[in-house]
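The values are calculated or read from the model by the stated rules, or taken from the named source; none is laboratory data. Being a predicted model, the structure only gives us computed values, none of them experimental. Every residue, glycine among them, receives a Cβ derived from its backbone with ideal geometry; neighbour counts consider all protein chains shown. With ligands, DNA and RNA removed, areas are computed over all heavy atoms of the protein, side chains included. Shrake-Rupley method; radii C 1.70, N 1.55, O 1.52, S 1.80 Å.
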Amino acid sequence: VDFCRTVSRETTHTDNSYLDRAYLEFDDVKDRYYDAFLMTGAPVETIPFEAVDYWKEIEAYLDWAEYHCYSTMTLCWGAQAALYHYYGVNKTILPAKMFGIFPYGLTVKNHPLLRGFDDRYFIPQSRHTAVDDAIDACKALQVLSRSVENGINICATKDLRRIFVLGHFEYDRYTLANEYFRDKKKNLPIDLPEFYFPDGDTTQEPVFKWRSYAHLFYMNWLNIVYQDTPYDLNHLEALE
């Protein structure tokens with residue numbers, strides 16, 4: 001497993017010496033091949049994609065992954081960026097931040113990526129934007145889960161070479177709490193995360209009701225990658 005970072009913007013939260021030790025850069029991996037590629041989010045979602053300092057690097061990684069990684073999973077802003085880059089699906093600004101633990105229903109029965117899921121599952125959300133309805137019109141994409149209130153959460157290509165998740169299965173029990181208390185301490189506008197603290201009481205421990213779905217989701221993905229990735233990755237064909 002290799003961890004990579006962008007270099008177009010100097011970090012303000014992590015010491016560069018640590019990043020130099022722990023992370024690779026694009027030039028270090030551009031000639032390598034991987035079973036899978038995962039790109040996370042970033043707190044830049046209200047900025048137009050092209051105005052993000054490291055947008056050209058993001059595009060380079062996404063284009064590189066076409067021929068060097070069998071399956072690509074993108075999360076939150078990373079998913080929005082990939083949907084925009086690959087399919088021209090744009091984002092819309094929400095009237096208020098989507099912040100909390102939200103239920104979603106499955107739109108495809110017995111899908112291998114969601115094996116073991118209940119008809120309704122829960123996932124943390126923490127974002128100011130949503131994807132527009134262009135996903136439903138895109139023949140290359142299949143919507144796997146959505147809710148009436150909050151729209152699409154997971155979509156993918158039918159061969160699962162590209163997977164897009166708008167929420168955060170990777171969050172632990174306290175991630176939303178830490179974000180809430182951090183912003184409160186800075187006197188930033190932040191509402192209580194919805195459906196998170198029992199009875200809305202911030203002194204109580206949040207219920208970790210998305211944990212089993214998170215384990216299932218990532219294990220299902222890794223199993224698909226293990227089963228489907230060809231032995232020789234040097235001849236991967238890009239998706240249309």
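When the chain is treated as a GNM with alpha-carbon contacts under 10 Å, the residue of 42, 65, 82 showing the greatest mean-square fluctuation is 42. Simple point charges give the picture: +1 on the Cβ of Lys and Arg, -1 on the Cβ of Asp and Glu, and for the chain a dipole about the Cα centre of about 620 debye.
3J(HN,Hα) couplings calculated from phi for the stretch 194-205 with the Karplus curve 6.51 cos²θ - 1.76 cosθ + 1.60 (θ = phi - 60°) are, in sequence order, 6, 6, 10, 6, x, 6, x, 9, 6, 8, 8, 6 Hz; Gly and Pro show x.
Each residue of the stretch 143-158 was assigned a 3J(HN,Hα) from its phi angle through the Karplus curve 6.51 cos²θ - 1.76 cosθ + 1.60 (θ = phi - 60°); the sequence is 7, 9, 7, 6, 10, 5, 6, 10, x, 6, 10, 10, 9, 6, 6, 5 Hz, with glycine and proline shown as x.
Annotation: amide H of residue 94 within the under-5 Å range of 129, 130, sequence separation 5 or more or interchain, hydrogens built in the peptide plane. Among residues other than residue 211 whose Cβ falls under 10 Å from its Cβ, what is the net charge (Lys/Arg +1, Asp/Glu -1)? So the surrounding residues net to +1.
Over the chain, Cα pairs under 8 Å with separation of 6+ residues give a relative contact order of 21 percent.
Candidates 102, 223, 112 compared by Cα position along the dipole of the chain: farthest toward the positive end lies 102, with charges placed on Cβ.
Would you please give the FRET efficiency between residue 183 and residue 25, computed as 1/(1 + (r/R0)^6) with r the Cβ-Cβ distance and R0 = 25 Å, to the nearest 0.05? Could the numbers behind the result be given before it?
Values: r = 31 Å, r/R0 = 1.24.
Using R0 = 25 Å, I get an efficiency of 0.20.
Grab the other residues whose beta carbon is less than 15 angstrom from that of residue 108, score K and R as +1, D and E as -1, and report the net. Could you put the intermediate results ahead of the total?
Values: positive: 109, 115, 120, 146, 158; negative: 118, 119, 136, 159.
The answer is +1.
Farthest toward the positive end of the dipole of the chain, out of 200, 145, 174, is the Cα of 200, where the dipole comes from beta carbon charges about the Cα centre. Express the carbon and sulfur contribution to the solvent-accessible surface of the chain as a percent, rounded to the nearest whole number, probe 1.4 angstrom. Carbon with sulfur: 50 percent of the solvent-accessible area.
Run lengths n ≥ 4 of DSSP H only: what is the helix-derived mean residue ellipticity at 222 nm for the chain, with -39500 (n - 2.57) per run over all residues, to the nearest 500?
Working: 7 runs with 69 residues, N = 240.
Result for the chain: -8500 deg cm²/dmol, rounded to the nearest 500.
Can you sort 31, 132, 199, 183 by 1.4 Å-probe accessible area, starting with the largest? Kindly include the intermediate steps, with their values, before the conclusion.
On the way: 31 125, 132 45, 199 150, 183 15 Å².
The residues order as 199, 31, 132, 183, largest area first.
Karplus-derived 3J(HN,Hα) values for the stretch 99-111, using 6.51 cos²θ - 1.76 cosθ + 1.60 with θ = phi - 60°, are 9, x, 10, 10, x, 9, x, 7, 10, 10, 7, 6, 6 Hz; glycine and proline are entered as x.
Using 0.36 nm per residue of separation minus the Cα-Cα distance, give me the extension gain between residue 5 and residue 205 in nm, one decimal. Mind showing how you got there, number by number?
Values: separation 200, 0.36 × 200 = 72.00 nm, distance 3.34 nm.
Computed gain between residue 5 and residue 205 is 68.7 nm.
Extension gain for the segment residue 218 to residue 32, taken as residue separation times 0.36 nm less the Cα-Cα distance, is 64.6 nm to one decimal.
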